[in-house]
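First up is the structure itself, then whatever we jot down about it.
The values are calculated or read from the model by the stated rules, or taken from the named source; none is laboratory data. Note that the structure is predicted; figures quoted are calculated from it, not measured. Don't worry about glycine lacking a Cβ; one is built from the backbone with ideal geometry, like all the others, and counts go over all protein chains shown.
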Amino acid sequence: MDEQVLLWINQGCAHPLLDELFWWVSQRTWFSAPLSIALLCYSIFRFRWHGMLFFFLLAVTVIVSNSFGDVLKNIFSEPRPCQIIFEQLRGPNNAILGPCGYSMNGMPSNHAINFCAAATFVAFTTSWRVWKVYLFFITVLVCLSRIYLGKHYPSQVLVGSGIGGAVGWLCAVIVRAIFPKLRY
């Protein structure tokens with residue numbers, strides 16, 4: 001069923017605008033880095049030194065979640081769909097796809113882990129309603145992009161989302177315990 005849902009999203013929902021959108025939100029250089037810079041600038045502008053501390057703690061949360069995801073990838077050693085069913089996948093703008101790498105590193109999706117951890121951390125440590133909604137929306141787009149592009153099965157993204165949410169929540173609890181008077 002995992003493969004059927006993946007192929008339905010990859011082929012049944014195909015559209016050139018979605019190709020561009022999902023490719024863009026999956027890029028760390030062209031999407032994640034500018035988003036991080038915007039969040040850093042906002043937190044510094046609004047809270048000065050405390051904003052830098054918040055961003056540092058958010059970065060630590062993402063690093064922890066990414067490292068945990070890498071450990072789990074080594075334990076599970078599960079293939080990505082673009083490694084085993086690449087001939088069935090539709091590439092962006094109907095490009096022909098080849099196998100995407102040789103190492104078994106599909107479970108869980110680190111994109112899903114990192115974005116869910118960041119969004120959960122922001123949700124539990126700040127009162128920034130706009131950023132909470134914005135990051136939740138972006139997280140959903142990133143998670144869908146991993147399936148739409150054939151990079152991960154839906155189950156791999158779902159597991160990554162759950163792990164990321166748990167790591168983000170745990171880091172938020174730890175930060176609240178260490179810095180009880182720190183409010184954003």
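Residues of region 24-52 that are surrounded by 15 or more Cβ atoms within 10 Å (Cβ to Cβ) and within 16 Å of the chain's Cα centre (by Cα): VAL25, SER26, PHE31, SER32, LEU35, SER36, LEU39.
Out of VAL5, VAL64, one residue alone is surrounded by 12 or more Cβ atoms within 10 Å (Cβ to Cβ), of a type in the set (Val, Ile, Thr) and at pLDDT 90 or above. It is VAL64.
Screening GLY101 with (1) modelled with pLDDT under 85; (2) at negative phi; (3) not aliphatic (A, V, I, L, M) gives one miss only, at (2). Could you please let me know if LYS151 is modelled with pLDDT under 90, farther than 29 Å from PRO79 by Cα and not acidic (Asp, Glu)? Considered against the rule, which asks whether it is modelled with pLDDT under 90, farther than 29 Å from PRO79 by Cα and not acidic (Asp, Glu), LYS151 comes out as no. Residues that are within 20 Å of GLY69 (Cβ to Cβ) and crowded, with 22+ Cβ neighbours inside 10 Å do occur in region 170-182, at least one of them. Pairs meeting the criteria (first residue in region 8-32 and of a type in the set (A, V, I, L, M), second residue modelled with pLDDT of 85 or more and exposed (fewer than 15 other Cβ atoms within 10 Å of the Cβ), beta carbons under 7 Å, at least 6 apart or on different chains) are lacking.
Only a single item in (1) of a type outside the set (Gly, Ala, Ser); (2) part of a helix (DSSP H, G or I); (3) more than 22 Å from ILE37 (Cβ to Cβ) is not met by ASN105, and it is number (2). When you look at ARG129, is it more than 18 Å from ILE63 (Cα to Cα) and either crowded, with 18+ Cβ neighbours inside 10 Å or in contact (Cβ under 8 Å) with a residue 40 or more places away in the chain (or both), yes or no? Considered against the rule, which asks whether it is more than 18 Å from ILE63 (Cα to Cα) and either crowded, with 18+ Cβ neighbours inside 10 Å or in contact (Cβ under 8 Å) with a residue 40 or more places away in the chain (or both), ARG129 comes out as no. Quick check on region 76-98. Is at least one of its residues under 17 Å from the mean Cα position of the chain (by Cα) and touching a residue at least 40 places away in the same chain (Cβ under 8 Å)? Checked against the condition, which is being under 17 Å from the mean Cα position of the chain (by Cα) and touching a residue at least 40 places away in the same chain (Cβ under 8 Å), region 76-98 yields at least one hit.
Within region 45-57, residues that are among the β-branched types (Val, Ile, Thr) have Cβ atoms under 8 Å from residues that are surrounded by fewer than 17 Cβ atoms within 10 Å (Cβ to Cβ) in no pair, counting only partners at least 6 apart in sequence or on another chain.
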